[in-house]
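Visitor: Questions regarding the structure given below will be posed in turn.
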Amino acid sequence: MREETIHGNITGIRESLLDKLRQLYQYQMDEDSFLPHDLARFLAVVSSSINREIAIYATRDGEIVEVCIGTDRDVELRDYRLRRNPNRLSGVRCIHTHPNGDGRLSDVDLSALRSFRYDAMCSLGVLNGEPTNVQSAFLTERSNILMDDPVRWYKVPDRGWMAQIEESDRIVGRESTEEGHDGPERAVLMGIESEESLQELARLAATAGAEVVGMFLQKRDKQDSALFIGKGRADELSRQCQALEADVCIFDEELSGIQVRNLEDMLRVKVVDRTTLILDIFAQRATSSEGKLQVELAQLTYRSTRLIGQGVVLSRLAGGIGTRGPGESQLEMNRRRIRERMNDLRRRLDAVEKQRELRRKSREKSDIPVVALVGYTNAGKSTLLNRLAGADVLAEDKLFATLDAVSRRVETDEKTPYLLVDTVGFIRKLPHTLVSAFRSTLEEAALADVLVIVSDGASDEMMLQHDTVEQVLKDLGATEQPRLEVINKCDCGKESPLIPGAIHVSAKTGEGIDELNRRLAAELQKTHSPVTFFLPFAQYGALAQIRPLGRVVNEEYTDEGVKLTIVLASADRDRIISKYGSAILAE
């Protein structure tokens with residue numbers, strides 16, 4: 001027996017009216033009738049009496065398969081398909097009322113027509129218990145919409161509209177499937193913090209390959225535990241996503257697993273939070289084996305805390321009829337597999353970290369100072385590295401264009417060598433899982449001898465970004481090293497906020513680079529500088545102790561002894577002088 005349920009918002013409606021609506025399931029339309037007059041009058045009377053929209057779904061042979069009630073402004077347009085092929089027409093037409101008397105189709109109606117592939121979308125204006133005008137729309141090639149002008153309810157061209165359904169059925173969904181999936185995902189953004197943060201989210205979405213079609217901001221001091229933005233705003237957002245034909249809704253905060261599931265149920269699109277978006281960008285950008293391992297570990301760490309059951313199959317634990325016996329639930333199996341994979345990734349990363357530690361010890365042994373470029377993502381660190389070191393590191397106008405720490409050997413004009421390291425960019429709300437997974441890479445900043453903090457002089461948010469960088473460095477324990485402040489992109493013609501002692505440069509044009517090199521050499525001289533010793537042959541044994549401490553620049557033998565020029569750390573130089581006396585210094 002067919003279910004005769006009235007769906008939607010039935011609160012406060014008399015049972016007698018619900019019984020009348022249930023009788024629609026017994027109503028039979030002629031196959032060549034699109035909207036019979038008696039059905040239009042009936043819908044007008046009931047819709048006006050309850051002041052709510054009513055939607056019915058009818059098959060091509062005239063059978064009504066579903067009835068749904070909404071509010072005075074809208075009704076939930078449901079995905080009701082009689083065909084398995086999602087590219088073909090659904091096999092049902094949707095006819096719904098507008099109690100305000102306006103029979104024109106809305107943007108949400110047209111979006112639902114595309115999304116749910118209805119045979120037709122029809123709106124019937126009703127006012128004071130009487131039908132007014134009617135408008136219908138149909139899909140054509142490549143999901144284009146053919147929309148007729150509104151007509152009086154008693155002048156509906158039944159045969160013409162039914163013929164259009166047959167024509168649309170012949171055309172729609174027969175295009176090459178490749179043509180329908182070439183475009184980027186259409187993303188709607190939702191934030192609760194600020195317009196600036198939402199703009200940054202838009203750049204992140206574009207970096208991930210999405211097309212941003214809508215941005216919405218709701219100022220909230222406290223997020224809703226179930227839906228993050230509250231039920232009323234979620235209802236409105238659902239209509240906005242539908243009208244904009246969005247594929248995904250991206251939230252500018254971190255969501256819980258329950259919030260994601262509830263929002264997807266209500267919005268009927270994929271829901272992604274800021275952390276998941278950043279993790280996705282990192283997954284796209286990771287190129288080295290270490291970077292890929294770090295990203296996968298971060299993703300699994302994040303997902304493991306949000307692994308919730310989807311329906312009975314995943315969430316059911318042992319107990320009750322049909323669940324007894326050996327084995328484990330699907331949810332527990334998924335958790336176990338994730339734990340096993342995370343343990344394997346940690347073991348492999350530990351092996352990589354040991355190799356990195358060996359390289360660090362080798363650098364320390366050679367006593368070459370390390371200069372680390374740190375800053376907000378897209379501040380121009382990679383371009384600056386290329387300018388200073390003559391390198392060819394990938395540099396793009398995108399967030400997180402490079403993830404892996406890149407190092408190049410450079411010399412100052414005084415021939416003092418140093419290692420210039422480009423680190424991963426920072427960002428507000430940097431996911432903790434990423435900080436943990438990329439700790440070995442980020443430690444390049446904590447272990448550097450000199451920090452060059454690069455700020456984006458072209459950004460309106462430069463000082464906020466600078467504060468974010470300072471906070472991340474504090475979290476990493478990188479607060480004691482000497483540092484140089486650099487404001488990049490000074491060629492953009494924009495006046496940047498003042499940072500005391502900052503060097504204004506353009507990594508793109510080379511402006512200010514000479515000053516940066518001079519200041520950098522001066523900082524390195526404070527920690528590592530060339531020193532010339534004169535060792536008489538009587539102290540020749542000290543030569544074997546001094547050589548390993550630094551880089552030998554020159555070694556000259558005379559009749560009286562050895563003249564040695566070597567680049568040393570300040571502490572090593574002071575220790576040698578204390579041991580052998582100041583007379584060891586060459587004049």
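Visitor: Of Lys270/Lys474; Lys381/Lys415; Lys270/Lys429; Lys494/Lys526; Lys292/Lys354; Lys474/Lys494, which ones are farther than 25 Å apart at the Cα? Walk me through the numbers before you get to the answer.
Guide: Values: Lys270/Lys474 36 Å; Lys381/Lys415 23 Å; Lys270/Lys429 22 Å; Lys494/Lys526 34 Å; Lys292/Lys354 17 Å; Lys474/Lys494 29 Å.
From Lys270/Lys474; Lys381/Lys415; Lys270/Lys429; Lys494/Lys526; Lys292/Lys354; Lys474/Lys494, over 25 Å: Lys270/Lys474; Lys494/Lys526; Lys474/Lys494.
Visitor: Return the carbon/sulfur percentage of the accessible area of the range 130-230, one whole number, probe 1.4 Å, all protein chains in place.
Guide: It is 44 percent, rounded to a whole number.
Visitor: Something else: Taking a ≥ b ≥ c as the square roots of the eigenvalues of the Cα gyration tensor of the range 489-584, is the shape rounded (a/c under 1.5), prolate (a/b larger than b/c) or oblate?
Guide: prolate
Visitor: In addition: Considering the alpha-carbon set of the range 522-563 alone, what are its Rg and its Dmax in angstrom?
Guide: 11.9, 37
Visitor: With labels modelled as points extended 7 Å from the Cα through the Cβ direction, what inter-label distance (nm, one decimal) is found for Asp102 paired with Thr11?
Guide: Modelled inter-label distance: 2.6 nm.
Visitor: Placing unit charges on C-beta atoms (Lys and Arg positive, Asp and Glu negative, everything else neutral), compute the dipole magnitude of the range 125-247 about its Cα centre in debye, rounded to 20.
Guide: My answer is approximately 480 debye.
Visitor: Can you give the log10 of the normalised intensity I(q)/I(0) at q = 0.12, 0.13, 0.17, 0.20 Å⁻¹, computed with Debye over equal Cα scatterers of the range 194-299?
Guide: -0.43, -0.50, -0.83, -1.09
Visitor: On the accessible surface of the range 30-93, probed at 1.4 Å, how many percent belong to carbon and sulfur atoms?
Guide: 41 percent
Visitor: Could you state how much accessible area Val213 has, in square angstrom rounded to the nearest 10, with a 1.4 Å probe and all protein chains kept in place?
Guide: Val213 has an accessible surface of roughly 40 Å² with all protein chains in place.
Visitor: Taking only Cα atoms of the range 18-141, what ratio of Rg to Rh do you get with Rh as the Kirkwood inverse-distance radius?
Guide: Radius of gyration over Kirkwood radius for the range 18-141 works out to 0.94.
Visitor: Hey, another quick one. With a 1.4 Å probe and every protein chain left in place, tell me how much accessible area Thr383 has, in Å² to the nearest 10.
Guide: 50 Å²
Visitor: Could you tell me the distance between the Cα centroids of the range 230-279 and the range 1-39, to the nearest Å?
Guide: 32 Å
Visitor: Separate question: Quick check: with the 1.4 Å probe, what order do Lys429, Lys415, Lys489 take by accessible area, largest first?
Guide: Lys415, Lys429, Lys489
Visitor: Under a point spin-label approximation (7 Å from Cα along Cα-to-Cβ), what is the Asp467-Asp79 distance to one decimal in nm?
Guide: Between Asp467 and Asp79, the simple spin-label model gives 4.2 nm.
Visitor: Now for a different question. May I ask which residue of Gln240, Met266, Val212 lies farthest towards the positive end of the charge dipole of the range 212-309, with charges of +1 (Lys, Arg) and -1 (Asp, Glu) on Cβ and the Cα centre as origin?
Guide: Met266
The values are calculated or read from the model by the stated rules, or taken from the named source; none is laboratory data. This one's a predicted model, so the numbers in the text were calculated from it and none came from an experiment. When we count neighbours, we look across all protein chains shown, and the Cβ atoms used for this are built from the backbone with ideal geometry, even at glycine. Surface areas here come from the heavy atoms of the whole protein model, side chains and all, with no ligands, DNA or RNA. Shrake-Rupley method; radii C 1.70, N 1.55, O 1.52, S 1.80 Å.
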